[in-house]
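Here's the structure we're looking at; comments come further down.
Read-outs throughout are calculated quantities, based only on the coordinates presented, and are distinct from any laboratory measurement. All of these numbers come straight from a predicted model, not from anything done at the bench. In this analysis, Cβ positions are derived from the backbone assuming ideal geometry, glycine residues included, and neighbour counts consider all displayed protein chains.
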Amino acid sequence: MQRRGFIGLLAGAAAWPLAARAQSDDKGGSIARIGILLADATPESSARSDVLVKALADLGYIEGKTAQFMVRFPETTPDLARFARELIESKVDVIVSVSSLGAYEAKRLTGSVPIVFVYSSDPIGIGLVESLVHPGGNVTGLSLMGGDLIAKRLALLKEAVPKMSRVTFLFDPATLYSELSAQQDAARVLGLQFRPISTPTPDTIDQAFAELASDGTEGATIAIQPMMTRESARIAAAALAHGIPTVGYHPGMSRDGLLMSYGQDFTEYLRKAAVYADKILKGAKPADLPVEQPTVLKLAINLKTAKALGLTIPTPLLIAADEIIE
């Protein structure tokens, strides 16, 4: 979906009917109504929508033939509840929410419409599911294993920056969940001084890195949150401008310029979410579909950023890397 078309959809979203009429294909069969709840109206969300729709099409859900896609995306986070309500009132057969916050808002409003979250760092902690193996309700999806991988990311950053003794954790206070304590624990195990710093808006990111540079911080890690995903390129630019080695949580962040990242490929998660939606549309219950945890983790290192920061990445790290950006 091109940006122009995506923004056109945004402009027309309010005009879409709140109660979609049942449709039939040319053989008289029913058309699956699939609600897609995106985190925002950015080009990054547009790209994720493209991947998701393509993955569903590969499974046989073709717009106007076998499926009706009802895409909603707020301009501001508080609108997530409004658009979740619209999808529910439109009587969709399933809601695929790219963000865990969108899934949470949808769950608050319905206990009957199936919901698939594409990624969540703490689906149990925020109340999306009762457990990973037995979700126990109308919600299932894919876990980012946020807490389990925090210590690994910090250890990788310490390996890349051996002299690091102080690390700062950047987070959006609106959607922190339980990650702060896990970051503190990981830093303590590595013997690092730890400092959290709030970045409530994108405009505060550069200011935060300027502050880190002035107080001698030697490394930074960032929260697994929607704003941080959206602002990956801005974070990378600010980190580089102020000379702060920073680790991210998915390979795209290193492609945007962060020194390194370790985690899941978000594109693959979108494809897997489409498979979950397909199973539900064929009769499976979310309560019976265990939350999937990542099976493939990727370490990405940006050597261009390393050179600009004056760092020499240790050979073992380079050998372990799945992707090297030069």
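Worth a mention:
- Unit charges on C-beta of K, R, D, E only; dipole of the range 204-274, Debye: 360
- Selection from ILE301, ILE34, THR168, by position along the positive dipole direction of the chain (Cβ): ILE34
- Partner aspartates and glutamates for LYS163 [C-alpha distance under 19 Å; skip if fewer than 8 residues away on the same chain]: ASP215, GLU218
- Summed over qualifying helices (DSSP H, 4 residues or more, each -39500 (n - 2.57)) and divided by its residue number, the chain shows a 222 nm mean residue ellipticity of -12000 deg cm²/dmol.
- The spread of Cα positions in the chain, taken along each principal axis and listed from longest to shortest, comes to 67, 41, 34 Å.
- Looking at the chain, the DSSP beta bridges with both ends there are about 10 percent antiparallel.
- Spherically averaged projected area in nm², based on the convex hull that wraps the Cα atoms of the range 37-102: 4.4
- Partners for LYS279 among lysines (Cα-Cα distance below 24 Å; same-chain residues under 8 apart left out): LYS27, LYS54, LYS65, LYS91, LYS107
- Proxy reagent accessibility, fewest Cβ within 10 Å first, across HIS242, HIS250: HIS242, HIS250
- A simple charge model with +1 on the Cβ of Lys and Arg, -1 on the Cβ of Asp and Glu and nothing else charged puts the dipole of the chain at about 340 debye relative to its Cα centre.
- Ratio Rg/Rh [Cα only; Rh per Kirkwood] for the range 158-291: 1.06
- Principal axis box of the range 239-326, alpha-carbon based, largest edge first, Å: 55, 26, 18
- Viscosity 0.890 mPa s, temperature 25 °C, Stokes-Einstein D of the range 89-156 from Kirkwood C-alpha radius, µm²/s: 196
- Evaluated on the range 54-192, the Kirkwood hydrodynamic radius is 17.2 Å, with distances taken between all distinct Cα atoms.
- Short to long, the 5 Å bins of the Cα pair-distance histogram for the range 173-214 hold 5, 20, 22, 22, 22, 8, 1 percent of all pairs.
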